[in-house]
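Since the structure comes first, as structure tokens, the remarks are kept for the end.
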Amino acid sequence: MVHHASDEAHQARHGARLNAGAVTAEEAAEQAAALERGRLLFASECRFFFAAQQLEGLPDVAGPEIAFAGRSNVGKSSLINALVGHKALARASSQPGRTKQLNFFDLGGRLTLVDMPGYGFALAAKSVKEDWQGLMFAFLRGRPTLRRVVLLFDARVEVKTNDNETMDLLDRAAVTYQLVLTKADAVKPHVLARKEAEIAELARKHPAAYPFVLTTSSETLDGIPALRASLAELAGAAA
Ligand SMILES: Nc1nc2c(ncn2[C@@H]2O[C@H](COP(=O)(O)OP(=O)(O)O)[C@@H](O)[C@H]2O)c(=O)[nH]1
Ligand SMILES: [Mg+2]
């Protein structure tokens, strides 16, 4: 099978298959290989190397970057920890709104993971809120090495206006993004199925969004190998 690494449509189909299960033996083999590439990448050393509080203070652009975005408390830090297999690399917090900076993690020298400040935290002072939301949007719009945004949705929470605003911004900036459902373990199967359908419909409506949705749990690790495989397609070559 010809592998078009740069072909987004191919990646989308590929991702959909990772989620939906293989059809042919050839696809099963390709799927297993993709999962293995993801496993290997995320088994490499991951280290925090930079925190930015303002746009002037970003690290120099280098290799490919993936940003994790979404509302406060949606599970961004927990998802990064689950992906890299650390319990506490990215600081997960039960106090929403604590991460008001961009945190950069280097994964094996091949991929940079960026933990974004959450949006939609009503209790932050308005000026503080505008500061870091401004930083977040400026980063999403203007970072040349940003290859993909993973936009998270909590399976237990309604889609809100600021989720739609973020998707509109990413569409306008033509930043490709992937919708990921978090906390699959926290809802009943019929609620999860309804939520998956709702988020898949959102993905179809937004031109810069991949037309498939990955469902994950940082508790049970459901969906984590598939997300690793999907992100590994963007990583640089092994040193
Ligand atoms: N049940 C369940 N809880 C989760 C999951 N992921 C995160 N949480 C909880 O949700 C809260 C917010 O998570 P955190 O990663 O700090 O969210 P962030 O603000 O987006 O970085 C914490 O109390 C986590 O323990 C998950 O997959 N399942
Ligand atoms: Mg966080």
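Taking label positions 7 Å along the Cα-Cβ direction at both A28 and A52, the computed distance is 4.5 nm, reported to one decimal. Can you give the FRET efficiency to the nearest 0.05 for R37 and E158, using r as the Cβ-Cβ distance and R₀ = 41 Å? Computed FRET efficiency for R37 and E158: 0.70. Taking a sphere under 12 Å around the Cβ of K160 and counting the other residues whose Cβ falls inside, with K and R at +1 and D and E at -1, yields a net charge of -3. Applying 0.36 nm per residue to the separation of L169 and A88 and subtracting their alpha-carbon distance, the gain on full extension is 26.1 nm.
Values quoted throughout were computed directly from the atomic coordinates according to the rules given, and no laboratory measurement underlies them. As the structure is a computational prediction, the values presented were derived from the model and not from experiment. Glycine also receives a Cβ, built like all others from the backbone with ideal geometry; neighbour counts cover every protein chain displayed.
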